[in-house]
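Here the structure comes first, spelled out in structure tokens, and everything after it is commentary.
The values are calculated or read from the model by the stated rules, or taken from the named source; none is laboratory data. Keep in mind it's a predicted model, so treat the numbers as computed, not measured. Note that each Cβ is placed from the backbone with ideal geometry, even for glycine, and that neighbours are counted across all protein chains shown.
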Amino acid sequence: MITINHLCKTFRLRSGDVCAARDVNLDIHEGEIYGVIGYSGAGKSTLVRCINLLETPDDGEMTIDGTTVVIRSGRVFLREGGAEKPASEKQLNALRRGIGMIFQQFNLLDRSTVADNVAYPLRYTGMSRADIDARVRELLALVDLTDKADVYPSQLSGGQKQRVAIARALANRPRILLSDEATSALDPDATESILALLRDLNRKLGLTIVLITHEMSVIKAVCQRVAVMADGAVVEEGEVYNLFAHPVQPITKRFVQSASPLGKIDKMIIEGSPLLRVGPGGYLVKLLFHRDCVGDSLISDVSRRFGVNLNIVLANVEEIQGVALGGMIAAVEGAPEAVQAALDYLRDKHVSVEVIARG
Amino acid sequence: MVEFFKAIMPNVYAYRSRFFQSCEATLQMFVIAGLISFALGLLFGVVLTVTREGGIRPNRLIYRVLDVFVNVFRSIPFVILLIFLIPFTRTVLGTAIGVKGAIIPLVFGVVPFFTRQVEAALAGVSPGKLEAARSMGSGTMGLIFRVYLHEAVPDLIRVTTITAISLIGLTTMAGAVGAGGLGSFAINYGQNQQHQDIVNVCVVVLLIFVCLLQALGSFLARKTTNRKLFARTEK
């Protein structure tokens, strides 16, 4: 749905060059919710603005819903057939109309009613007044704000404002929705309801959503795949579950820690918590139970089978994309051969075993 | 009633037709110069906002030229501008006196001021709204008319009120150099002939006019602000 190849963007500021995107490559599939996570200044906002060309990249190539855009030295070309033609402002505006976008600050027009805000992208497009009214009603029903049509944005809560913004972004029936920190200004309840709405729209309309956030919990709640950005580059990318199960980059680990109680395990290890001390001959292990083995009673099984004692220090199970991911820190004590055999057995059962310390 | 007026302001009564003519002249200068200045100031303000660096259609040349023009005329005191523009007015309009002769200097005096005010009003429109409108496919004209001018209406009304009130002040100054109106009436018939009641009445008339303008401006600005600054209980 969206393919990005070798996208580069550098801001030349008086204080020096800031590279907001360095050779970014992404492939976002149709109908998925794709997350982009990073700290502020990582370039994620720039990346999403490049997709609808609010920001002109320096170089790169993007295919968005079948339209190929080539950018060379800040100039935008459209590729049709084999030929590349410079894109006119009109063509870019048409392209933007095919991509909806929502923002952290909602960006509604304060002097227009909810209905007029939603009608904004429909006006001056040759659509008749009656058709616009009908479409606005339809959109307000979609975001569950039918009774607020004649109200001004200032009378709405943050969550309701974002719903209006979503309705407005979807007015032209785009197949892609860009969400720039759309829940970052909302309280937890409103965040939850907006995320539920996005999930719902994704399912009902087959909408492809690119979601930018600095909160891993948001990614965990709605995204199927995610890219982690730092300093303008995508440092890690993949299925959200895999990222939670096997974060590779330090920054990814930090994000995972922030969103998952399992992260506490790593924190305890780093801090050398007294809970993690083991007796002589014992092993302190970190066990990760993946989708296949969470439900099994492996611990008591191992304990019985090999005659070892397992003392559970910390354990947690959570669900990511409907799949369980369990983590545990346990002290294993017993005869050295028995402990080894027990750990091998666990590995056999697809539990990832990491020895943290030996007594 | 007439006796009463005669008693408290004998000189105003004596020169009453002149007084009414002066009121009319002031009003004419105000309306004509005001309308022209409003149109030009709004245009220049929008152009400056749009063409500035980081604006929605940056254009260094247009911005610089307009910016310098505004700065130059903003820094010339109006009384000096009046005499400075006499030759220019004479070539353009054939006369430099009377209501007709006052229009050009008034426009030159007000437009730069109003342009800056419009610029400030438009600067109050959040960049996020512009960005959202761009993401929905609005072009430059769409952004100007549907976002900038639409969202800034209350502020534009406020700055228009301020400018209109300062324009009244300028029309009386123009009166001092032969434009007629309440300013010249107060100077020539009040001050020069030592008729204090004439000066007083001019003050009162202008005061009432300014108050009406301010009340109207405040009312319209409030009416067009669809946003509560302070939470009030809902109806």
Segment B:120-132, residues that are farther than 23 Å from B:T163 by Cα and buried (at least 23 other Cβ atoms within 10 Å of the Cβ): B:A132
Output for segment A:113-124, where each listed residue is in contact (Cβ under 8 Å) with a residue 24 or more places away in the chain and assigned to a loop (DSSP other than H, G, I, E, B): A:T113
Considering only segment B:118-144, state which residues are hydrophobic (A, V, I, L, M, F, W, C) and more than 7 Å from chain A (Cβ to nearest Cβ). B:V118, B:A120, B:A121, B:L122, B:A123, B:V125, B:L130, B:A133, B:M141, B:L143, B:I144
Quick one: B:Q193 ticks every box in (1) touching a helix residue (DSSP H, G or I) at 6+ places or on another chain (Cβ under 7 Å); (2) part of a loop (DSSP other than H, G, I, E, B) except a single one, so which number is it? (1)
Can you tell me which of (1) more than 13 Å from chain A (Cβ to nearest Cβ); (2) of a type outside the set (F, W, Y); (3) touching a residue at least 40 places away in the same chain (Cβ under 8 Å) is the one B:Q196 doesn't meet? (3)
Considering only segment B:205-226, state which residues are within 14 Å of chain A (Cβ to nearest Cβ) and either in contact (Cβ under 8 Å) with a residue 60 or more places away in the chain or assigned to a helix (DSSP H, G or I) (or both). B:L220, B:A221, B:R222, B:K223, B:T224, B:T225
So A:S45, is it buried (at least 18 other Cβ atoms within 10 Å of the Cβ), touching a Phe, Trp or Tyr at 6+ places or on another chain (Cβ under 8 Å) and either not assigned by TED's automatic domain parsing to the domain that holds A:H214 or not in a strand (DSSP E or B) (or both): no
Scan segment A:102-112 and give yes if some residue there is within 14 Å of chain B (Cβ to nearest Cβ), over 30 Å from B:D155 (Cβ atoms) and not hydroxyl-bearing (S, T, Y), otherwise no. no
May I ask you to say which residue of A:A134, A:A190, A:A169 is within 25 Å of A:K220 (Cβ to Cβ), aliphatic (A, V, I, L, M) and not assigned by TED's automatic domain parsing to the domain that holds A:M62? A:A169
Test result for A:I329, at pLDDT below 85, surrounded by 16 or more Cβ atoms within 10 Å (Cβ to Cβ), in contact with a helix residue (DSSP H, G or I) (Cβ under 6 Å, 6 or more places away or on another chain) and under 27 Å from A:Y34 (Cα atoms): no
Could we say that A:S45 is small (G, A, S), at pLDDT below 90 and closer than 24 Å to A:Q257 by Cβ here? no
Qualifying position, being within 11 Å of another protein chain (Cβ to nearest Cβ) and either more than 21 Å from the chain's Cα centre (by Cα) or of a type in the set (A, V, I, L, M) (or both), among A:I64, A:I51, A:I71, A:I28: A:I51
